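Report on one structure; see the data block that follows.
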Amino acid sequence: MLDMIKTALTIAGSDPSGGAGIQADIKTMQALGVYGMSVITSLTAQNTMGVTGIHDVPRDFLEAQINAVFEDIFPNAVKVGMVSSAELAEIIADRLKYYGAKNIVVDPVMVSTSGSTLVKDSCIKQMEEKLFPLAKLITPNIPEAERLWGKHIASREDMQNCAIGLAQKYGCAVLLKGGHFEDGADDILVCQKCEKVIWLTGERIDNPNTHGTGCTLSSAVAAYLARGEDLENATNMAKNYLTGAIKAGLDLGKGRGPLDHAYALRKHIQ
């Protein structure tokens with residue numbers, strides 16, 4: 001029944017080209033059968049070629065957006081993406097803690113697929129101290145994990161040591177994504193208390209269009225958590241969904257194009 005549909009909230013930046021940020025998140029949630037809601041942290045001017053401008057929303061308006069959602073439609077899961085300032089990170093952490101939000105997935109977006117810096121240095125400490133400890137899962141890629149860990153990651157052994165170290169440091173599960181390695185696309189999931197280390201194998205797909213992959217994966221995990229899947233199943237299913245969206249071979253834009261978030265639905269339309 002429609003009145004039993006699960007809900008998820010994305011708190012992230014906006015991408016007018018539709019491939020990343022809240023646009024990608026809502027598309028993903030919808031494709032996976034979850035009702036998506038959004039709170040915008042920043043307006044960006046970006047496309048497949050890069051980011052040319054970032055405009056943060058005022059902190060009181062960010063707070064008002066979060067209050068509006070939680071006081072009406074309490075989400076079954078929350079995905080937090082681009083947060084570019086310490087003030088906004090503090091507001092998000094405060095509100096999520098106040099409302100007792102569940103199934104929080106934090107994608108520590110620091111650099112866009114095109115290489116543009118999206119977060120201020122002062123924000124990272126606030127995220128580490130206030131936001132990550134509230135999370136069920138954080139989903140850094142290799143460059144983001146190196147910045148958080150303070151060490152270079154050059155091997156699977158490094159990935160595992162880093163993921164375990166971050167899980168212990170922040171008290172949450174860590175999904176460290178290995179897509180930046182040229183010879184593979186394996187990710188590693190370390191559960192909160194480091195009781196379980198799981199390698200999620202992935203094939204390397206010959207497709208340069210990867211705009212919004214991190215946003216898509218984290219919002220897919222949140223969607224599956226909202227549907228009641230446990231963390232291991234949610235991450236596996238999200239990775240499979242992401243693989244399908246890349247494999248679909250959508251080719252839009254002059255740079256690194258977006259994924260086909262509706263690839264499964266499109267099969268029924270054609």
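The values are calculated or read from the model by the stated rules, or taken from the named source; none is laboratory data. Quick caveat, the model's predicted, so the values are computed rather than measured. In this analysis, Cβ positions are derived from the backbone assuming ideal geometry, glycine residues included, and neighbour counts consider all displayed protein chains.
Out of V51, V78, V69, one residue alone is part of a strand (DSSP E or B) and modelled with pLDDT of 95 or more. It is V78. Against the condition crowded, with 20+ Cβ neighbours inside 10 Å and either of a type in the set (G, A, S) or touching a Cys at 6+ places or on another chain (Cβ under 6 Å) (or both), how does A68 come out, does it pass? Here the answer is no, as A68 does not meet what is asked.
Among the candidates A45, A64, which residue alone is outside any strand (DSSP E or B) and either out of contact with any helix residue (DSSP H, G or I) (no Cβ under 7 Å at 6 or more places or on another chain) or more than 19 Å from A226 (Cβ to Cβ) (or both)?
Working: A45 fails: outside any strand (DSSP E or B).
Testing whether each residue is outside any strand (DSSP E or B) and either out of contact with any helix residue (DSSP H, G or I) (no Cβ under 7 Å at 6 or more places or on another chain) or more than 19 Å from A226 (Cβ to Cβ) (or both) leaves just A64.
Rundown of residues vs (1) in contact (Cβ under 8 Å) with a residue 40 or more places away in the chain; (2) of a type in the set (V, I, T), yes/no style:
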residue: P16; (1), (2): no, no
residue: K27; (1), (2): yes, no
residue: T41; (1), (2): yes, yes
residue: P75; (1), (2): yes, no
residue: V78; (1), (2): yes, yes
residue: A89; (1), (2): yes, no
residue: G100; (1), (2): no, no
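Apart from one condition, G21 fits all of (1) under 18 Å from K102 (Cβ atoms); (2) surrounded by 16 or more Cβ atoms within 10 Å (Cβ to Cβ); the exception is (1).
Within segment 227-242, the set of residues being buried (at least 16 other Cβ atoms within 10 Å of the Cβ) and more than 15 Å from the chain's Cα centre (by Cα) comprises R227, E229. Contact map, segment 224-236: first residue of a type in the set (K, R), second residue assigned to a loop (DSSP other than H, G, I, E, B), Cβ cut-off under 9 Å, separation 6 or more or different chains; pairs are R227/K6; R227/L32; R227/G33; R227/V34; R227/N76. Within segment 116-135, does at least one residue satisfy the condition of being part of a loop (DSSP other than H, G, I, E, B), touching a strand residue (DSSP E or B) at 6+ places or on another chain (Cβ under 7 Å), surrounded by 22 or more Cβ atoms within 10 Å (Cβ to Cβ) and at pLDDT 95 or above? Within segment 116-135 (the criterion being part of a loop (DSSP other than H, G, I, E, B), touching a strand residue (DSSP E or B) at 6+ places or on another chain (Cβ under 7 Å), surrounded by 22 or more Cβ atoms within 10 Å (Cβ to Cβ) and at pLDDT 95 or above), the answer is yes, since at least one residue qualifies. Taking the conditions (1) within 25 Å of A223 (Cα to Cα); (2) modelled with pLDDT of 95 or more in turn, S112 satisfies each one other than (2).
Among the numbered conditions (1) touching a Pro at 6+ places or on another chain (Cβ under 6 Å); (2) crowded, with 20+ Cβ neighbours inside 10 Å, the only one that T7 does not meet is (2).
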